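**Q** I have a structure here, written as structure tokens, and I will follow up with some questions on it.
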Amino acid sequence: MKRTDTQNGISFLLLCLLLLSASTVAQAGDKNQCLMCGMKLENYSHVRYTVTDTSSKQYVTCGVQCGLLLQVNLAGKFKNSTMTDLISHRTIPAEKGWYVFKSSAITDMAPGLIGFWKKSEAEKFIKGFGGELLEYDQALARAQKGYR
């Protein structure tokens, strides 16, 4: 069954409302929770994503998907971001990373974006778990479109 543009728009709106309500809960609650979805950060140190705004305030999310959505939400207040490489657990500038979208492995949120420091590691991961290889700008564009 093919989805109509109206159905896609409604789905996107519902996703935004869900993330907004989860964000409000996370802001009001424990600082050990993802700002966007409310998941416990201690469970996601291997994929953590940090966003810094223009006033140098840092926001921590459970992973790439929530982090990129936060960047979109911050719009003109966004300064920079870091992500955690899945293989080495090394923190790197997000714009230097490689991303796998929609693999069979979901590390934090579905449909899933997983960050890698090295393109070769991302390509190896795709061979085992599938998915689409994206550069930073492409991953950010997916976030802007609601991960469609």
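**Q** Quick one: how many residues across segment 36-57 are farther than 17 Å from residue 94 by Cα, in contact (Cβ under 8 Å) with a residue 40 or more places away in the chain and open to solvent by less than 40 Å² (accessible area, probe 1.4 Å)?
**A** So the answer is 1.
**Q** State whether one or more residues within segment 111-122 are more than 20 Å from residue 46 (Cα to Cα), surrounded by fewer than 14 Cβ atoms within 10 Å (Cβ to Cβ) and in contact (Cβ under 8 Å) with a residue 24 or more places away in the chain.
**A** Checked against the condition, which is being more than 20 Å from residue 46 (Cα to Cα), surrounded by fewer than 14 Cβ atoms within 10 Å (Cβ to Cβ) and in contact (Cβ under 8 Å) with a residue 24 or more places away in the chain, segment 111-122 yields no hits at all.
**Q** Based on what the data block shows, is residue 107 of a type in the set (Ser, Thr, Tyr), open to solvent by 40 Å² or more (accessible area, probe 1.4 Å) and under 16 Å from residue 41 (Cα atoms)?
**A** Details: of a type in the set (Ser, Thr, Tyr): yes; open to solvent by 40 Å² or more (accessible area, probe 1.4 Å): no; under 16 Å from residue 41 (Cα atoms): yes.
Spelling it out, it is not the case that residue 107 is of a type in the set (Ser, Thr, Tyr), open to solvent by 40 Å² or more (accessible area, probe 1.4 Å) and under 16 Å from residue 41 (Cα atoms).
**Q** Related question: Identify the residue in segment 92-104 that is modelled with pLDDT under 95 and open to solvent by 60 Å² or more (accessible area, probe 1.4 Å) and, among all such residues, is farthest from residue 34 (Cα to Cα).
**A** Step by step, filter segment 92-104, then rank; the result is 104.
**Q** Got a sec? Which of 64, 60, 72 is over 25 Å from residue 128 (Cα atoms) and touching a residue at least 40 places away in the same chain (Cβ under 8 Å)? Quick ask: steps written out before the conclusion?
**A** Numbers: 64 fails: over 25 Å from residue 128 (Cα atoms); 60 fails: touching a residue at least 40 places away in the same chain (Cβ under 8 Å).
Answer to the check: 72.
**Q** Could you figure out which of (1) open to solvent by less than 90 Å² (accessible area, probe 1.4 Å); (2) touching a Phe, Trp or Tyr at 6+ places or on another chain (Cβ under 8 Å); (3) of a type outside the set (D, E, K, R) isn't true of residue 76?
**A** (2)
The values are calculated or read from the model by the stated rules, or taken from the named source; none is laboratory data. Every value quoted in this text rests on a predicted model; they were computed, and no experiment measured them. No Cβ is skipped: glycine too gets one built from the backbone with ideal geometry, and neighbour counts run over all protein chains shown. Accessible surface areas use protein heavy atoms only, side chains included; no ligands, DNA or RNA. Shrake-Rupley method; radii C 1.70, N 1.55, O 1.52, S 1.80 Å.
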